Amino acid sequence: MDRNIVYPSAIPLDTDLLSVNKNAMIGLGFLAQAVLGTSTVVDGLVCQPTTPASMSVVIGPGSITQFGPVDSLPYGSIPSDTADSLVKMGINVGPTTFLLAAPSSVGQSINYLIEAAFLEADANPTVLPYYNASNPAQSYSGPSNSGTPQNTARTQRVQLQLKAGSPANTNSQTTPAADAGWIGLYQIAVSYGQTAVVAANISALATAPFLSWKLPSLKPGFGSGVQTFASSGSFVVPAGVTQVEVEVWGGGSGSFASVNGLASGGGSGGGYARKLVTRLSPGQNVAVTIGAGGAGGTTSGTPAGSGSASSFGQFVSATGGSLNYQASVTAPENGATPPGVGIGGDVNFSGSAGQAGISNQGGMGGAAPMGGTQNSGSTGNAGTFPGGGAAGAGTGPNSNAAFNGGIGGGGFVVVRW
């Protein structure tokens, strides 16, 4: 930030003081830009009913930051500067009150809009004393002793305005659009016969650029939040977040039922991927798909099923474990060899294959990365979560019994920010 230099005995100039103020404004403006960016941001300015309730609302103290020229008009003796821009902040330290009126026709309602804009204006006109070179003992009143008042402050405020919509049948009234250069903040609905505005009548507009996060709520790097998905859903990017770290596991495959004399092989594990997803926008909705574990085969002839893929939007995915093409309902002994794989991640791993059934013992189920394998019993055991392949089914101590296969472990997604 620039600083002025003055010297002993030098005659002080008005620009010495004015430049200090301007340099401070520029420094703070670029600091605000580094933190908030150049988009308009509103903080505070809470709209509430009066106490006791009345037909008025009160907008509390707050601020608006807006990108614009350094100075549209000359600042004292310093010329205007419209070629350079920075972020400026308008601040209201006190409340603002607006009076609303109910519609005059039965069955009608009206929506009001509270809108805001950055306002910079010269204010506080005062008749200033001036130095009189002809008679230093007697000062001039105003420039050239004209008695003309001059503005003594360049203020930066939040300009607030109440805009009424058109009365219409209740539930069909619309909120007026914000005027050019203004930002809509609140909608207030008032019905015929209403004598007081209550909190339920006031709602912030979805497009209002309120600052929804503060520095104390943020943590460096990842660790401020985590969300896990064991079933399909959606991830809504939190306020202040533009990148997330995602881990994805695909579903494991199921195992076939055993048949007389042939134990079934184990299912294969799902794949795994890990990715840093960037360039997200707060409020963005990302679809999350969780792959199901493959179905287990049954002694009545139902075949085993492959695992399904899991994904985080179009950014990263992991496929499910597949079945061995040589395995079948009547020849279930071969383990599932093609495991799932990660796709699109910064790190992509494949799961492990299931083992073949041996003698009267079903094959071990394959694992997904960072998951566990599954040992068989008489009935095929379900795959280990997340993404493990099911263990194969045995054939009993005499190797002449048939048992159902197991289901694969389901997929999983972890999102950190």
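Would you mind telling me the share, in percent, of accessible area of the chain contributed by carbon and sulfur at probe 1.4 angstrom?
55 percent
Compute the signed sum of charges (Lys and Arg +1, Asp and Glu -1) over the other residues within less than 13 Å, Cβ to Cβ, of residue 163.
In short, -2.
Does a label point 7 Å from the Cα of residue 54, set along Cα-to-beta-carbon, have any residues of region 88-122 with amide nitrogen under 20 Å, and which are they?
Within reach of a label on residue 54, which here means backbone N under 20 Å from a point 7 Å along Cα→Cβ, region 88-122 contributes 94-103, 112-114.
Output ³J(HN,Hα) for region 6-20: one whole-Hz value per residue in order, computed from phi by the Karplus curve 6.51 cos²θ - 1.76 cosθ + 1.60 with θ = phi - 60°, and x for Gly and Pro.
10, 10, x, 6, 6, 6, x, 10, 4, 5, 4, 6, 5, 5, 4
Would you mind computing, in nm to one decimal, how far apart the modelled labels at residue 359 and residue 2 are, each placed 7 Å from Cα along Cα→Cβ?
Simple spin-label model gives 9.0 nm for this pair.
What is the Cα centroid distance between region 1-54 and region 339-417, reported in whole angstrom?
Each part reduced to its Cα centre gives a spacing of 63 Å.
Ordered by packing density, taken as the mean number of other Cβ atoms within 10 Å over each peptide's residues, highest first, how do 299-309, 181-191, 198-208 rank?
For the peptides 299-309, 181-191, 198-208, the packing ranking is 299-309, 181-191, 198-208.
Work out how much length residue 399 to residue 213 would gain on full extension: take 0.36 nm times their residue separation and subtract the Cα-Cα distance, in nm to one decimal.
Difference between extended and current length: 60.5 nm.
Contour minus end-to-end for residue 224 and residue 243, with contour as 0.36 nm per residue of separation and end-to-end as the Cα-Cα distance?
Result: 5.6 nm gained on full extension.
Separation of region 255-301 and region 149-177 by C-alpha centroid, Å?
Cα centroid to Cα centroid, the span is 55 Å.
Sorting check: for 278-291, 251-264, which peptide has the highest mean count of neighbouring beta carbons within 10 Å, and how do the rest follow?
Result, highest mean Cβ count within 10 Å first: 251-264, 278-291.
Suppose all protein chains stay in the model; what accessible area per residue would a 1.4 Å probe give for the chain, in Å²?
I get 50 Å² per residue for this part.
Quick check on region 288-357: take the gyration tensor over C-alpha atoms, sort the square-rooted eigenvalues as a ≥ b ≥ c, and tell me if it's rounded (a/c under 1.5), prolate or oblate.
Since a/c reaches 1.5 but b/c is at least a/b, the shape of region 288-357 is classed as oblate.
Which of the aspartates and glutamates could a cross-linker bridge to residue 214, judged by Cα under 18 Å and excluding same-chain residues fewer than eight apart?
Answer for residue 214, where 18 Å is the Cα cut-off: 43, listed by chain and number.
Taking the Cα centre of each part, how many Å lie between region 102-129 and region 182-207?
Their Cα centres are 15 Å away from one another.
Treating only the Cβ atoms of Lys and Arg (+1) and Asp and Glu (-1) as charged, compute the dipole magnitude of region 143-290 about its Cα centre; round to the nearest 20 debye.
Here the size comes out at about 380 debye.
From the residues 186, 388, 79, which one has its Cα farthest along the dipole of the chain in the positive direction, the dipole being from +1 and -1 charges on Cβ of Lys/Arg and Asp/Glu about the Cα centre?
The one lying farthest along the dipole's positive direction is 388.
Given R₀ = 45 Å, what would the calculated FRET efficiency be for residue 192 paired with residue 155, taking r from the Cβ atoms and rounding to 0.05?
Approximately 0.65, to the nearest 0.05.
Of 171, 57, 269, which is farthest on the positive side of the dipole of the chain, counting Cα position, with +1 on Lys and Arg Cβ, -1 on Asp and Glu Cβ, and the Cα centre as origin?
Of the listed residues, the answer is 269.
If packing is taken as the mean number of other Cβ atoms within 10 Å per residue, what is the order of 380-390, 152-162, 55-65, highest first?
380-390, 55-65, 152-162
Rounded to the nearest 500 deg cm²/dmol, what is the calculated helix-only ellipticity per residue at 222 nm for the chain, with -39500 (n - 2.57) per DSSP H run of length n ≥ 4?
Value at 222 nm, helices only: -2000 deg cm²/dmol.
Mind checking which of 146, 33, 68 is farthest towards the positive end of region 1-155's charge dipole, using Cβ charges of +1 (Lys, Arg) and -1 (Asp, Glu) about the Cα centre?
146
GNM on the chain, C-alpha springs below 10 Å: top fluctuator among 79, 143, 167?
Top of the fluctuation ranking is 143.
Count the net charge of all other residues whose Cβ sits under 15 Å from the Cβ of residue 340, scoring Lys and Arg as +1 and Asp and Glu as -1.
0
Could you work out how much longer the chain between residue 375 and residue 204 gets when fully extended? Use 0.36 nm per residue separation minus the Cα distance between them, nm to one decimal.
Here the answer is 55.9 nm.
The values are calculated or read from the model by the stated rules, or taken from the named source; none is laboratory data. Computed from a predicted model, the values in this text were never measured in an experiment. Glycine gets a Cβ as well: all are built from the backbone with ideal geometry, and neighbour counts include every protein chain shown. Only protein heavy atoms, including side chains, enter the accessible area calculation; ligands, DNA and RNA are left aside. Shrake-Rupley method; radii C 1.70, N 1.55, O 1.52, S 1.80 Å.
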